[in-house]
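Chemist: Below is a structure I'd like to ask you about.
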Amino acid sequence: MINVVVCGASGRMGQTIGRMVNESKDLELVGGINLKPGSFFGVEIVETKNAEVFLKKTKADVLIDFTIAGAAVGNVQMAARNNVALVVGTTGITADQRAEMDKAIHGHVPAVISSNFSIGVSIFLQLVRESAKLLKDYDIEVLEAHHRNKKDAPSGTAKTILQILDEEAGTRQKMYGREGITERKNEIGVHVIRGGDIVGDHKVMFSKNFETIEISHRAYDRSVFASGALLAARWVVGKKAGVYGMNDVLGFKKK
Ligand SMILES: NC(=O)c1ccc[n+]([C@@H]2O[C@H](COP(=O)([O-])OP(=O)(O)OC[C@H]3O[C@@H](n4cnc5c(N)ncnc54)[C@H](O)[C@@H]3O)[C@@H](O)[C@H]2O)c1
């Protein structure tokens, strides 16, 4: 059995992950961490200030973090200090915060960090990569939509898409929305929609005169992210210290 502690246990993703860990046969939900104490699925949620003692007490093998960027750095450092493997899904992380996380992880613990744990999105990103190689001379637009409570924009997945497009189609300026009189140059337009309970939509459009190619992914339920996070939790325990991504978990070859 792999002992799992969920950080952000009271949140939307924390609750979904807690339920699915609790229902799984090979993972043991041993507790949660959140800003306020409580319980979920029959185990204790401790507040952040007691988290380190709790990790030791519960003999956690892996910490799954779906919180907010500012908190995730400290959570990663805490897990690394205690030799607890990591699965980090929190988005909105700045380059400096990411560097701090990587520093805490390298040489200490294995960690899977991904802006999107959906297996479908991993495949969608591969399709975006292959398309970008072939469609370098097309106009490119990126669209994403999420629920009204999402804190960061554009989404972590949209940022990953932009990074892949830069790698494969050449670095272009990003234009975050358009207003007024605008002349399209060689930028990538990035468009963010927030509303209702949209779980997560991403679309890349490659256009030129008389044709558009669209690649899109739509998540209908948070369980798609949670099941990928559980897969990553099973995979990461016992791996060599270092930072991994979903492509490693899924065995996708680097292109
Ligand atoms: N990688 C993915 O596949 C994926 C999928 C969905 C969401 N996300 C990301 O996961 C994060 C959480 O999303 P959500 O929709 O569950 O948000 P949410 O706001 O519903 O939940 C976040 C929880 O973290 C808690 N929290 C904040 N600071 C904390 C701290 N210091 N210690 C412990 N808990 C703390 C909050 O109280 C809240 O309960 C966001 O960054 C979101 O973008 C990633």
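The values are calculated or read from the model by the stated rules, or taken from the named source; none is laboratory data. Everything numeric in this text was worked out from a predicted model, so none of it was measured. Reconstructed Cβ throughout: ideal geometry from the backbone, glycine too, with neighbour counts over all protein chains shown.
Chemist: Residues to consider are GLY14, GLY18, GLY107; find the one that is near the ligand (Cβ under 9 Å from one of its atoms), modelled with pLDDT of 95 or more and closer than 30 Å to LYS159 by Cβ.
Modeler: GLY14
Chemist: If I filter segment 188-203 for residues that are closer than 15 Å to SER122 by Cβ and either in a loop (DSSP other than H, G, I, E, B) or among the aliphatic types (A, V, I, L, M) (or both), do I get at least one hit?
Modeler: no
Chemist: Follow-up. Name the residue that is surrounded by the most Cβ atoms within 10 Å (Cβ to Cβ), counting only residues in segment 209-237 that are touching a residue at least 60 places away in the same chain (Cβ under 8 Å) and part of a strand (DSSP E or B).
Modeler: Per the stated criteria, the residue is HIS217.
Chemist: Looking only at segment 161-182, how many residues end up being modelled with pLDDT of 95 or more and in a loop (DSSP other than H, G, I, E, B)?
Modeler: 9
Chemist: Then there's this: Going by the structure shown, is GLY74 closer than 28 Å to GLY238 by Cα, within 10 Å of the ligand (Cβ to nearest atom) and outside any loop (DSSP other than H, G, I, E, B)? Before the answer, list the steps.
Modeler: Numbers: closer than 28 Å to GLY238 by Cα: yes; within 10 Å of the ligand (Cβ to nearest atom): yes; outside any loop (DSSP other than H, G, I, E, B): yes.
Taking the combined requirement at face value, the residue satisfies it.
Chemist: In addition: For residues in segment 136-148 being over 14 Å from GLU167 (Cβ atoms) and not charged (D, E, K, R), which is surrounded by the most Cβ atoms within 10 Å (Cβ to Cβ)?
Modeler: Looking at the filtered set, the residue picked out is HIS146.
Chemist: Something else now. All but one of (1) over 20 Å from THR90 (Cβ atoms); (2) surrounded by fewer than 17 Cβ atoms within 10 Å (Cβ to Cβ) hold for PHE206; which doesn't?
Modeler: (2)
Chemist: I need every pair where a residue in segment 46-71 that is assigned by TED's automatic domain parsing to the domain that holds ALA99 and assigned to a loop (DSSP other than H, G, I, E, B) has its Cβ under 7 Å from the Cβ of a residue that is among the charged types (D, E, K, R) and within 11 Å of the ligand (Cβ to nearest atom), sequence separation at least 6 or different chains.
Modeler: Listed pairs, sorted by first residue: ILE68/LYS151.
Chemist: Okay, moving on. Within segment 21-56, can you find the residues that are of a type in the set (D, E, K, R) and more than 13 Å from the ligand (Cβ to nearest atom)?
Modeler: GLU23, LYS25, ASP26, GLU28, GLU44, LYS56
Chemist: Return yes when LEU125 is assigned by TED's automatic domain parsing to the domain that holds ILE188 and either within 16 Å of the ligand (Cβ to nearest atom) or not aliphatic (A, V, I, L, M) (or both) and no when it is not.
Modeler: Answer is yes for this residue.
Chemist: Confirm whether SER207 is more than 16 Å from the ligand (Cβ to nearest atom), more than 19 Å from the chain's Cα centre (by Cα) and among the polar types (S, T, N, Q).
Modeler: So SER207 passes the test.
Chemist: Might you check whether a residue that is in contact (Cβ under 8 Å) with a residue 60 or more places away in the chain, part of a strand (DSSP E or B) and farther than 16 Å from ALA80 by Cα occurs anywhere in segment 1-16?
Modeler: Yes, the conditions are met somewhere in segment 1-16.
Chemist: Any idea which of GLY196, GLY170 is outside the structural domain of ASN75 (by TED's automatic domain parsing), within 30 Å of ALA71 (Cα to Cα), surrounded by fewer than 17 Cβ atoms within 10 Å (Cβ to Cβ) and of a type outside the set (A, V, I, L, M, F, W, C)?
Modeler: The conditions single out GLY196.
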